[in-house]
Amino acid sequence: MIIEGLVTTCDPTGRCHAAAMGPIVEEGSADQFVLRPFRDTRTAAYLANHPAGVFHIVDDALVIATVVTGGELPADELAPATAVRGWVWQDACEAWEFVVEREEPGDELRASLFCRVVHAQRLRPFRGFNRARHALLELAIAVTRLHLLPSEEVQSCLAVAERLTAKTGGPREREALELLRSTIHQWNSRPDNKP
């Protein structure tokens with residue numbers, strides 16, 4: 001199964017880089033997983049240079065939207081990892097510090113990185129996802145694939161997120177929606193995206 005969350009890695013200077021990502025985790029196993037970053041991303045480059053990081057289980061749609069749209073995790077909410085050179089976001093539900101043990105052939109778009117958890121900690125209870133958060137998660141995933149998905153599919157995700165955020169969201173969900181909607185609008189306004 002795939003668990004959506006955040007991965008933090010270190011840039012060459014040791015600074016934290018965060019990316020939304022969903023590792024493949026086998027049922028009943030929390031000590032190994034597979035990351036599949038797009039090959040042309042900073043996460044893939046940083047893991048190639050320093051094969052360790054932290055995967056975070058989160059329940060906050062706003063932090064996912066912030067990271068997906070180019071924002072950073074607040075520096076005062078980051079702490080050094082315990083077992084690897086890396087960063088733990090302190091408002092996550094869980095943090096799995098990992099090392100990349102091997103890379104296997106993925107496909108032309110994505111790497112396949114087999115990871116082992118070397119330290120895990122529960123930071124706070126998982127508060128869950130309401131319907132708005134689920135829809136915003138799907139929209140955030142679509143935003144990471146604006147260059148791959150048909151515009152109609154992205155607009156459909158946006159419409160669902162708008163409807164469900166209006167029904168079940170709170171202030172953080174509304175802020176997340178605005179970030180994602182703005183990014184989609186900017187993408188659609190680019191001259192090179194015109195037919």
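The values are calculated or read from the model by the stated rules, or taken from the named source; none is laboratory data. What you are looking at is a predicted structure, and each value in this text was computed from that prediction instead of being measured. Cβ coordinates were reconstructed from backbone atoms using ideal geometry, including for glycine residues, and neighbour counts include every protein chain displayed.
Of Thr144, Thr165, Thr183, which residue is surrounded by 14 or more Cβ atoms within 10 Å (Cβ to Cβ), in contact with a strand residue (DSSP E or B) (Cβ under 7 Å, 6 or more places away or on another chain) and not assigned by TED's automatic domain parsing to the domain that holds Val54?
Details: Thr165 fails: in contact with a strand residue (DSSP E or B) (Cβ under 7 Å, 6 or more places away or on another chain); Thr183 fails: in contact with a strand residue (DSSP E or B) (Cβ under 7 Å, 6 or more places away or on another chain).
Testing whether each residue is surrounded by 14 or more Cβ atoms within 10 Å (Cβ to Cβ), in contact with a strand residue (DSSP E or B) (Cβ under 7 Å, 6 or more places away or on another chain) and not assigned by TED's automatic domain parsing to the domain that holds Val54 leaves just Thr144.
Of everything in segment 85-125, what is within 15 Å of Cys10 (Cβ to Cβ) and either in contact with a Cys (Cβ under 9 Å, 6 or more places away or on another chain) or aromatic (Phe, Trp, Tyr) (or both)? Give them in sequence order.
Answer for segment 85-125, where residues must be within 15 Å of Cys10 (Cβ to Cβ) and either in contact with a Cys (Cβ under 9 Å, 6 or more places away or on another chain) or aromatic (Phe, Trp, Tyr) (or both): Arg85, Gly86, Trp87, Trp89, Phe98, Val99, Val100.
Just one of Arg102, Arg116, Arg110 is touching a residue at least 40 places away in the same chain (Cβ under 8 Å), within 21 Å of Pro37 (Cβ to Cβ) and over 18 Å from the mean Cα position of the chain (by Cα); which is it? Before the answer, list the steps.
Details: Arg102 fails: touching a residue at least 40 places away in the same chain (Cβ under 8 Å); Arg110 fails: over 18 Å from the mean Cα position of the chain (by Cα).
Matching residue, one of Arg102, Arg116, Arg110: Arg116.
Name the residues in segment 168-180 that are assigned to a helix (DSSP H, G or I) and either β-branched (Val, Ile, Thr) or surrounded by 20 or more Cβ atoms within 10 Å (Cβ to Cβ) (or both), would you? If you could, list the steps in order and put the result at the bottom.
Narrowing segment 168-180 to residues assigned to a helix (DSSP H, G or I): 168, 171-180.
Result: Thr168, Glu173, Ala176, Leu177, Leu179, Leu180.
When the residues of segment 1-39 are narrowed to those that are part of a loop (DSSP other than H, G, I, E, B) and of a type in the set (S, T, N, Q), which ends up farthest from Asn49 (Cα to Cα)?
By that ranking, first place goes to Ser29.
If I filter segment 3-25 down to residues being touching a residue at least 24 places away in the same chain (Cβ under 8 Å) and among the charged types (D, E, K, R), which single residue comes out as farthest from Gln90 (Cα to Cα)?
It comes out as Asp11.
Considering only segment 49-140, give the strands (runs of 3 or more DSSP E) lying wholly within it that have at least 1 residues that are buried (at least 22 other Cβ atoms within 10 Å of the Cβ) and either of a type in the set (Phe, Trp, Tyr) or in the same structural domain as Val34 (by TED's automatic domain parsing) (or both). Walk me through it before giving the result.
Details: elements: 52-57, 78-80, 87-89, 94-104, 112-122.
Filter on segment 49-140 gives 52-57, 87-89, 94-104, 112-122.
Considering segment 2-33 alone, what residues qualify as being of a type in the set (A, V, I, L, M) and either within 14 Å of the chain's Cα centre (by Cα) or not assigned by TED's automatic domain parsing to the domain that holds Leu109 (or both)?
Taking segment 2-33 first, the residues of a type in the set (A, V, I, L, M) are 2-3, 6-7, 18-21, 24-25, 30.
Once the filter is applied, which keeps residues that are of a type in the set (A, V, I, L, M) and either within 14 Å of the chain's Cα centre (by Cα) or not assigned by TED's automatic domain parsing to the domain that holds Leu109 (or both), segment 2-33 yields Ile2, Ile3, Leu6, Val7, Ala18, Ala19, Ala20, Met21, Ile24.
Residue by residue through segment 153-183, note down the ones that are without any contact (Cβ under 8 Å) to a residue 12 or more places away in the chain and closer than 25 Å to Glu108 by Cβ.
Glu153
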